[in-house]
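Notes to accompany the following structure.
The values are calculated or read from the model by the stated rules, or taken from the named source; none is laboratory data. Here the structure is a predicted model, which is why all the values come from computation and not from measurement. For neighbour counting, all protein chains shown are included, and Cβ atoms are generated from backbone atoms with ideal geometry for every residue, glycine included. Side chains are part of the model used for accessible areas, which takes the heavy atoms of the whole protein and leaves out ligands, DNA and RNA. Shrake-Rupley method; radii C 1.70, N 1.55, O 1.52, S 1.80 Å.
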Amino acid sequence: MPPITTRPLFCRYLAQCRMMAVSMENFIKHTKVQVAKISPDLTESVAKEELQQSCDNFFRENIYLAGKSITEKAVERVVDGDTILIYKKSQLILHILLEAKARNKNFRVMVVDSRPDLSGVQSCERLTAAGIPCSYVYINSCTYVMKKVTKVMLAADALLANGYVLGPVGTALIGLISSTYNKPVIVCCETYKFSERVQTDSILYNELADPDSMLKTLNEEDTPVSNWRDCPNTRLVNLVYDTTPPALVSIVITEIAELPCTSAPVVLRRGAVKM
Amino acid sequence: MDPFLLKKITRDTKSQLEEFALYLSENKNERRSYVSVVKTINVFRDLICTAEWVTGRELIKIVKCYCKYLPLSQSNETDVSNVVRRILKIIREESVGPEATNSADGISAFFKTDIKPCNLGRSDLQDNILNSIVELLAELDTSKSNIVNMALEHIHSNERILTYGHSNTIRDFLLYGRKARDFEVIVCESGPSLKGHKMAAELSEGGIKTTVIADSAAFAIIHAVNKVIIGTHTIMADGALRATNGVHQVAMAAKFFSVPVIVCAPLYKLSPTHLCSYDPDAFNKVIGPEKMLNFSNANLHSKVLISNPDFDYVPSDLIELFITNTGGHAPSYLYRIISELYHPEDYDLDNMCVEDVEDEMAT
């Protein structure tokens with residue numbers, strides 16, 4: 001991505017509000033290519049319509065239909081008697097599990113959640129509403145429950161060119177524990193999330209969320225570090241992402257194929273050729 | 001209480017023993033290890049002084065009878081059980097006599113089930129036992145300062161140290177290191193109890209630059225950390241740990257990036273028990289989930305199985321070094337320390353020796 005001052009105004013504004021996700025950057029790149037492709041003979045209204053059409057196509061092909069295709073492939077992997085471990089809340093993973101239940105598969109779900117956002121509670125609500133038996137633990141207890149789990153399904157925020165999976169913070173820990181206990185780790189990721197960036201650790205490129213959200217407790221009490229801004233020695237760090245090494249992931253399910261993590265550059269090259 | 005025990009103790013002692021058993025069953029989660037250990041020694045010291053016994057073997061039988069009455073099989077009580085084992089070892093040593101302990105025969109005498117009584121009468125034997133117990137108390141008193149004084153050997157300047165949750169020993173260890181060295185500490189907040197926040201507040205008051213991170217971020221930052229220093233609830237016989245929930249995965253992440261894991265714990269936490277089952281429920285204790293999920297989500301509470309385990313089993317191959325009050329030890333050396341601290345007959349406190357069983361069957 002070019003530096004912030006040379007980007008078009010709307011990108012600059014978005015980037016100032018919050019760091020852009022990899023998928024957003026990919027979409028902006030795609031749109032720029034479409035803008036460049038528009039022939040100069042067309043009138044403004046026709047050109048705008050074409051661009052809108054290309055945006056809708058992007059959504060339909062890369063997000064909506066890709067999600068359906070991944071669901072089809074992933075549902076095959078859910079068998080009767082499974083206990084599937086999921087981490088926090090992901091639309092795609094929930095969709096897969098609800099679809100599996102709709103096809104009358106008999107399985108349990110272990111929802112692993114972590115502070116500070118605790119979005120796993122919403123996963124529990126959606127799964128229990130569909131009648132899927134659920135268990136709920138915090139990420140500290142992941143080793144306690146891992147024996148009973150048969151598969152682990154994780155969602156990714158991005159797949160990097162060197163095979164590392166960028167996901168919500170804690171994904172790497174789950175990948176590590178699962179591979180130590182020899183449980184298959186299935187990552188579901190659409191191809192629009194593939195990125196050319198390479199990274200070997202989680203700190204170089206990450207986002208810091210609001211540190212005060214770490215102070216939120218369930219019964220609204222203060223924690224001993226609630227006055228951290230007054231203490232010069234205390235800092236709260238609330239990471240958003242972390243990178244999982246490819247050795248800890250068994251398979252990545254995308255809409256075009258089921259791949260190992262290390263095939264990420266192949267998909268990127270294919271995408272570049274298509275554009 | 002056992003009728004045999006009741007015959008041998010006075011009424012005052014009986015009420016004191018009952019009070020102690022009650023103390024152990026209450027306040028399990030808030031009890032400080034060191035305080036309960038000192039209390040245990042005082043209770044047993046009174047028992048030794050006031051109970052009716054003539055030989056060392058009788059005294060051991062009385063102590064073991066009382067142990068059956070205490071809730072020692074609970075996973076929280078390992079510090080109490082370990083101290084009782086130390087007291088039993090003291091009784092055995094004093095009963096065999098000083099000459100026997102020094103000679104080569106003395107070593108084999110330890111491992112025989114029958115204790116050859118030496119010629120000491122009850123009052124002399126009792127004096128010797130009480131003197132040794134005073135030495136034990138002195139050892140326990142200095143155990144924390146011995147560990148803390150080793151801080152400068154293990155922390156160097158500009159280091160980043162990761163710790164997990166709250167531990168009084170680790171806090172004092174790091175604060176002692178701060179007196180001479182400048183370093184940073186990263187604390188995992190250890191949900192859902194959030195004890196890590198308390199640790200961070202205490203460390204930053206002591207002048208250490210502290211960063212609090214969520215437990216899920218442990219893998220993300222551990223490659224940038226120089227070492228992991230943690231405390232534990234219990235050390236098992238093979239060098240494994242029973243530690244706070246969440247320590248196992250931090251140790252696994254540390255192993256992945258080859259970051260050394262150092263455990264600081266006094267020796268009264270070293271227990272001669274092994275992990276007997278890989279079934280997590282056999283090893284662990286589950287506490288209430290109200291800190292994990294609010295009761296305002298009551299509809300979920302009834303439909304979802306929520307687990308909040310208290311402990312974590314950390315295998316010994318993930319641990320680099322134990323820093324104890326007797327110095328630093330590798331996990332592989334702990335078996336030797338156990339054989340010096342405890343007698344094999346006492347590893348299982350419910351175990352009565354053959355002669356006692358025969359006596360009981362005769363009566």
Discussion item. Kirkwood hydrodynamic radius, computed over distinct alpha-carbon pairs, for region A:103-211: how many Å, to one decimal?
Written reply: 15.4
Practice prompt. Could you work out, residue by residue across B:178-191, how many beta carbons of other chains sit within 10 Å of that residue's beta carbon, and then give the average as an integer?
Written response: 2
Worksheet, complete the sentence: A:P133 neighbourhood, Cβ < 9 Å, K/R = +1, D/E = -1, net charge +2
Worksheet item: Considering every residue in A:219-225, what mean count of other chain Cβ atoms within 10 Å of its Cβ is obtained?
Response: 6
Fill in: Listed residues B:K195, B:K144 arranged by accessible area, highest first, probe 1.4 Å
B:K195, B:K144
Response to the item:
What the Cα atoms of region B:260-342 span along the principal axes, largest first and in whole Å, is 54, 24, 21
Discussion item. Among B:L70, B:H301, B:S277, which residue has its Cα furthest toward the positive end of the charge dipole of chain B, with +1 on Lys/Arg Cβ and -1 on Asp/Glu Cβ?
Written reply: B:H301
Item to complete: Return the loop-located chymotrypsin sites (Phe, Trp or Tyr not before Pro) in region B:273-317 (DSSP other than H, G, I, E, B) with at most 12 other Cβ atoms within 10 Å of their own Cβ; answer none if there are none.
Response: B:Y278
Worksheet item: Within 10 Å of each Cβ of B:306-317, how many other protein chain Cβ atoms are there on average?
Response: 3
Worksheet item: Under a 1.4 angstrom probe, counting protein chains only, how are A:F27, A:F10, B:F20 ranked by accessible area, largest first?
Response: A:F10, A:F27, B:F20
Worksheet item: Which order do B:W53, A:W228 take when ranked by solvent-accessible area (1.4 Å probe, heavy atoms of all protein chains), largest first?
Response: A:W228, B:W53
Worksheet entry | Accessible area per residue, Å², chain A with all protein chains present, probe 1.4 Å | 47
Worksheet item: Using θ = phi - 60° and the Karplus curve 6.51 cos²θ - 1.76 cosθ + 1.60, what whole-Hz ³J(HN,Hα) does each residue of region B:232-244 get, with Gly and Pro shown as x?
Response: 8, 7, 9, 10, 7, 5, 8, x, 7, 10, 10, 10, 4
Response to the item:
Computed over chain B, the convex hull of the Cα set has an average projected area, in nm², of 21.2
Practice prompt. Averaging sequence separations of C-alpha pairs under 8 Å and six or more residues apart, then dividing by the length of region A:168-272, give the relative contact order as a whole percent.
Written response: 41
Fill in: Under DSSP loop assignment and at most 11 Cβ neighbours within 10 Å, longest GluC sites (Glu not before Pro)-free interval of chain B
B:31-363
Worksheet, complete the sentence: Phi angles of region A:66-76, converted by Karplus (6.51 cos²θ - 1.76 cosθ + 1.60, θ = phi - 60°) into ³J(HN,Hα) in whole Hz with x for Gly and Pro, give 4, x, 5, 5, 5, 4, 4, 5, 6, 5, 4
Worksheet item: Is chain A rounded, prolate or oblate when judged by the Cα gyration tensor, a ≥ b ≥ c being the square roots of its eigenvalues, rounded requiring a/c under 1.5 and prolate requiring a/b larger than b/c?
Response: oblate
Fill in: Length-normalised contact order of chain B in % [C-alpha pairs under 8 Å, at least 6 apart]
17
Discussion item. Highest mean first, how do B:166-174, B:261-269, A:178-186 rank when packing is the count of other Cβ atoms within 10 Å averaged over residues?
Written reply: B:261-269, B:166-174, A:178-186
Worksheet entry | chain A: relative contact order in percent, alpha carbon pairs under 8 Å with at least 6 residues between | 19
Worksheet, complete the sentence: Applying the gyration tensor rule to the Cα atoms of region B:196-328 (axes a ≥ b ≥ c; rounded if a/c under 1.5, else prolate if a/b exceeds b/c, else oblate), the class is oblate
Discussion item. Quick check: at a probe of 1.4 Å, how many percent of the accessible area of region B:1-53 sits on carbon and sulfur atoms?
Written reply: 47
Worksheet item: Quick one: Debye curve from the C-alpha atoms of the protein assembly as shown, no solvent, what's log10 I(q)/I(0) at q = 0.11 Å⁻¹?
Response: -1.10
Fill in: Calculated SAXS-style log₁₀ I(q)/I(0) at q = 0.12, 0.18, 0.26 Å⁻¹ - region A:1-84, Debye, Cα scatterers
-0.56, -0.92, -1.23
Worksheet item: Rounded to the nearest 20 Debye, what is the dipole magnitude of chain B about its Cα centre when Lys and Arg each give +1 and Asp and Glu each give -1 at the C-beta?
Response: 1020
Worksheet item: Tally Lys/Arg at +1 and Asp/Glu at -1 over every other residue whose Cβ is under 9 Å from the Cβ of B:T234; what's the total?
Response: +1
Practice prompt. Estimate the FRET efficiency between B:C276 and A:E61 by the formula 1/(1 + (r/R0)^6), using the beta-carbon distance for r and 41 Å for R0, to the nearest 0.05.
Written response: 0.15
Worksheet item: How many times 2.2 N^0.38 Å is the alpha carbon radius of gyration of region A:210-273?
Response: 1.94
